[in-house]
Each structure stands twice: as structure tokens, then as C-alpha cells.
Amino acid sequence: MIVETIAFYVFAAVAVVSALLVVGNRNPVYSVLFLILTFFNVAGLFVLIGAEFLAMMLVIVYVGAVAVLFLFVVMMLDINFVELRQGFVRYLPIGAVVGVILAAELIFVVGSTALGTATPAAPTPAIAQVTNTEALGNIMYTQYFYLFQVSGLILLVAMMGAIVLTHRERVGVRRQRIADQVDRNRSSVQLTKVKTGDGASGGVK
Amino acid sequence: MNSFIDLNLGLARPEIFLAIAALALLVIGVSLGDRHTRLIAWASVAALVIAIVLAISDKADGLAFHGLFIADDFACYAKVLSFGAAALAIIMSLDYAEREGMARFELPLLMLMATLGMSLMISANDLISLYVGLELQSLALYVVAAIKRDTIKSTEAGLKYFVLGALSSGMLLYGSSLIYGFTGSTSFSVLAATLTGDAGLGLIVGIVFLCAGLAFKISAVPFHMWTPDVYEGAPTPITAFFAAAPKVAAITLFARVLVGPFGDLVGQWQQIIVFISIASMILGAVAAIGQKNIKRLMAYSSIGNVGFALVGLASGTQEGVSGLLIYMAIYVVMTTGTFAVILAMRRRGEAVEQISDLAGLSRSQPGLAWALAIFMFSMAGIPPFAGFFGKWFVFLAAIQAGLNVLAVIGVLASVVSAFYYIRIIKVMFFDQPTEAFDRVTPTLRIVLIATVFVISLGFIAGSPFFDLSANAASVLFAE
């Protein structure tokens, strides 16, 4: 029990601090890296409350895909982040209002235990009886088999769409020809000793 | 334990066949390349025809996939209609795609995938299957709208459609989540059984959002803003596709959702449908008057036509839904025929889209002019053309349901819209002729002859067809 409590406070503290650093950092690359750290710690929190499937998804989807995408955007696009921050004071009141509303909603949710008197149609089984990965697996391929298949088709259409809209046949592209590479023999390879710091052409006579 | 037998796979034969056909054709297309687009397109048409046969033969009836999917006469009717419309759209896209340099084998396949999505929408028996079907259809449609990616207009159409479509999907999902939150179920069967009599405020807000999301997909006012731009920007055969098959699927889905699970709350949703119906009819009639581009005109015309079809739904009766089905069937044929004429509007290999380009068509190409005249008379609702019967049945249902004001406004809007339909006829028959169009291609000619035949002589086969529609509609009201 005490281990869990310590783990909770460690994860929670690191998550909050790194989330603040995401916003406060001047260097956008650091921000993204702190975002990844936040995701990992939140995943840890999910594991603590027994939602191991969600924790895995968070790491795979958010760290594996979304954060990497952010990193690409930050590093590849020429965005002036100093300019982006300029309207900060002007938008502060609106941001504050949104923040206050969100905080009020959170307080209401915590304050009121039940929103209605409705009884759930299918009560969730206790976590001790079945892990949620198992529970999801049980219905995903049986009860929701149809939806699972159609989601697959939707992803296929998305992939087809991406290819149709962006793929272009280019002429004069130098493609890797594996057969030619494998076909090379010792005599066609020239080994040279390259001096450090002279570049690739340094050693070639 | 669950087994495949519980899934009742047999009920979804047309869908399973279409999915397998699309996947197989995708593999074939990738290995053959874009030079064989024509082969892939005809194979897609064949797949749709086989799917129609599968849907009609050995009438399937019941729930499949653990109640997520429903097959009944209503679904069968709508499926045959949308498969047919999609097949015609693929046929019409053939020549155009080759001449405009957008002949890629993915085009017919994406249209096939969109049609599969429509079929899943029509057979949805759960809010989640409604959403996945809708998304499969929409995603494919966004891509085909932008398929001419080298032109700004087409990409703009695709992007606009995508952004606004995503917004409407968001609204639909929000509404669905509210409905689920307040009722505890997403299944239409459970909702229909439990929702009787009074509804809470939360549920009504959910239904309103759901209606807004669906109204977006059928481009009913006030969610119509994307329609003219997308219709004008997308390549013409794609616009023809947009105007026909997806409309049938979305509007039948709309009818199934409102009449099925929320059938007992008719008092709650009726006023919403009455409002969007009146607004669509009036806007469709008034805004089209000033249009010079015939594709934009057809966009407003489709908004108006959706308004007329919704009159049937607004009445909330079996006769109303039957009228809606009749109206949509006739609308699909009329609009496909009209777009076949628009596709034939080419001068020296260049497509022209202005109404003024039609001037004097009756002298240069009388066949084409007469065909368009018949479609326009039918759209305006002049007997004996089929369009008249569509309007007749929806207005009759509205009056029987006591919605006299709605019916009167509908007739007035119909009169106003007759102005711009008949103006096109005037331009063709009485204006000074301009240069003639290029020869009509054989495939377009076949589509034109078939649609003209149905619209002008359809009333001969009227009575069995009306019985069929009434039978399909009665399924929704059977308890």
C-alpha cells in the first residue's frame, strides 16, 4: 500500500512539473520531450488505478505516434515560436475565463456523486475479476466484431486516400536496386582510408 | 461461447460481397496499374450489380452481428437504389476521367467503398454502426471530391467537404453520446423498446445534435453551406455521384433513426424536421434563381429536393415514409439523367458549365435538349413525368398528417423553383444558338436513354412500384 502511495506521488509530481515545463519552455523541442515525459508518468498513474490497457495505449499512441509527429512538425517546419507567443497578454483574459469554467466543472464533478438515478444496463465487472485488456478482448472480436471489421475498412480507405492524393510518379528518381547491389563483386569495390575531418573525398585520389 | 453462426453473416451478403470485391479489385488494380482503370471500373459496376442481385434474391430479414446490423425490406429498397445510382455514376465517370487525366484505378474503388459505407448506414441498427458506416462513406467521398488534385477547385472542394464533414461527424457523435448517456444503450432495438412517452431534456438535446449531424449529410438547410461549393468544385461525374447515392443512404438512415428508436417521440422531432424541410424548400427555390453555373444550380436544386423529401418524413406516418422512398427513387433517376446531360456539355474537348452555354441546343443537338427538357419538367413536378408523382405522394402524406401549412409552403416553393427549371428549357429552345457540343459518348448515351425512359414512361409501371415503396415503409412501422 505504502509503495503504491509513494509511486502515485512520484508519478503525479513528475507529471505536473513536466506538464508545466511543456508550456513554460522556450525551446519547442524540449517542450515535446517534456510532453513525452508527462505521457509516461500519466501512463504510470493509469497502471496504478488498474487501467493497464489505457496505459499501454497512451504509450503506444501518444508517445509512439502523436509526440513523434509533434517532434517532426517542430523540427521540420519553420515556425517562429517567439512570434506565436506575442498575443499572450491579449488572450490571457479569455484563457483565464476558460480555465475558471473548467475548474468549476471539475469541482462540480467531484462535489456531486451521482448525476442521475439511472441504473446502468450492463454493470462493469470488478477489476479484481477480469483485467480490462481481457474484457476488451472478449467483446472486441465477438460482440463488436462487425464494428472492428468496418473500422479496418475505414483505415484502409484513409490509406488509399492518402496515397491517391499525395503519391506522384516521379521521373529520374534513383531507386535502390537490390539485385545490382548483391551482384557486385570484390573487384568493383574500392576501399580507401579516409582521414578524420577531411570528408568523404579526402582519401580518394 | 460465441460462434460465427450467431453472427447471421448471411443477412449481410451484399455488404460482405462488396467488401471482398473491393479488396480483390484493389489488389488487381495495384498490380495492373492505372492503364487498366476501365477494367477495374467495369468490374466495380459488375460487383454492384451482383450486390443488387444478392440484396433482392432470397429476401433477408432479421438482425445480424449481435444486433448491430439489420436487414429488412426497407434496407433492401434503399440499397438497390443506392447501388444502382453508384453503378450509373461509375459508368458516367469513365470517359470523363480519361479525358481529364484523372483516370486512376482508385477512383472507382473509392466509389465502391463509399457505396459499401452507404449500405452499412442503411442497415445500421445501432448508433455505433450508424457512425462507422457514415464515416466509411464520408471518408471515401472526401477523397473522391479532391481526386483532381492538380486543380485548385477540386482540392478546395475536397478540403471544404472534409472540414465541414468532420464538424458534422463531431455533432453526430456528441448527440449519440448524450443519447447513450441518458438511455444507457446505443442499440436501436433497445431504444425503441424503452423510449415511450415522455423524454428528458438531455435526450432531446441528444436527438437535436443527431439530427443536425444527419441534416449536414443530406445538405438540408441550415447545414447546407458546403453543398454549392463542393458540387461546383468536384469533378462533374463525382458531383453526379454525390447528388444521388449518398443522399438516398443518408435520408433513409435519417428516416430509420427517427421512426425506429425515436418513433414514440414523434412530437419532439417533428418540429425539427418541419423546420429544416421548409427552410430547405424555400432556400432551394430562391437561391437557385440567380445561379449561372449549372452545377451550382443543381446543388441548390438538390437542397430543395431534400426539403421536399423531408416533407414525407415530417409527417411521421407510414404514408409519409413511403412518399419519401418514392420521391428519392425518382429524384435519383432525374438527377443522374441531368448530370449525364451536364457531362455531355463539352466543346472542343473542354467541359463547359454555364447555363448560357446551353443556348439553342434544340437546334444543334435536339436529342440532348429534349432529354434535359424532360428532366427539368420532371424536377419542376409537371405531369405526366415521374417527378410529379414524387411530389404528389409527399404532399398527400403531409395533408393526411394534418400538416397543411407545410404542404402549402411546399407547393409554393415548387412553383418558384419551376421558374429556374423552365428557364433552362427557354434557353435551350428559344435563345440564339452558340457553337454545338461534342458528340455524346456511347456510355453517356445509354445512361441518358435509360433515365429519360424511366422518367417519361415510369408512370406505366407506377402502381407496383408504389406498392413496393409502401411495403418497404411499412417495415419501419411494424411493431
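Each reported figure results from applying straightforward, stated rules to the coordinates on display, with no laboratory input. This structure is a prediction, so every number in the text was calculated from the model and none was measured. FYI the Cβ positions are ideal-geometry reconstructions off the backbone, even for glycines, and counts take in every protein chain you see.
List of remarks:
- Efficiency of FRET from Cβ geometry, B:S474 and B:T196, R₀ 25 Å, rounded to 0.05: 0.75
- Normalised Debye scattering of chain B at q = 0.09, 0.12 Å⁻¹ gives log10 I(q)/I(0) of -0.55, -1.02, counting only Cα atoms as equal scatterers and leaving out solvent.
- The protein assembly as shown - convex hull of alpha carbons, volume per residue in Å³: 248 Å³
- Computed extension length for B:I446-B:V205: 82.0 nm, one decimal, from 0.36 nm per residue of separation with the Cα-Cα distance subtracted.
- The three principal axes of the C-alpha atoms in the stretch B:35-165 carry coordinate ranges of 46, 32, 18 Å, sorted with the longest axis first.
- Loop-located trypsin sites (Lys or Arg not before Pro) in the stretch B:309-375, at most 10 other Cβ atoms within 10 Å (DSSP): B:R348
- At 0.890 mPa s and 25 °C, Stokes D of the stretch B:282-372 from Kirkwood alpha-carbon radius, µm² per second: 167 µm²/s
- For the stretch B:214-261, radius of gyration divided by Kirkwood radius, i.e. Rg to Rh on alpha-carbons: 1.04
- Cα-based reach from B:K391 at 20 Å (exclusive), listing lysines while leaving out same-chain residues under 8 positions away: B:K247
- Positive-end ranking of A:Q129, A:I49, A:A162 along the dipole of chain A, with charges on Cβ about the Cα centre, is headed by A:A162.
- Around the amide H of B:D126, modelled in the peptide plane, lie the amide H atoms of B:F188, all under 5 Å away and 5 or more residues distant in sequence or on another chain.
- Kirkwood hydrodynamic radius (C-alpha pairs) into Stokes-Einstein, the stretch B:3-90, 25 °C and 0.890 mPa s, D in µm²/s: 175 µm²/s
- In a DSSP loop and with at most 12 other Cβ atoms within 10 Å, the trypsin sites (Lys or Arg not before Pro) in the stretch A:2-97 are A:R26, A:R85.
- Reachable lysines from A:K195, criterion Cα separation under 26 angstrom, eight or more residues apart if same chain: A:K205
- Applying the criteria of a DSSP loop state and at most 15 other Cβ atoms within 10 Å to the trypsin sites (Lys or Arg not before Pro) of the stretch B:53-141 yields B:K59.
- Estimated from helices alone, the mean residue ellipticity of chain A at 222 nm is -19500 deg cm²/dmol (sum of -39500 (n - 2.57) over DSSP H runs with n ≥ 4, per residue).
- Relative frequency of Cα-Cα separations exceeding 14 Å in the stretch B:57-130, percent: 66 percent
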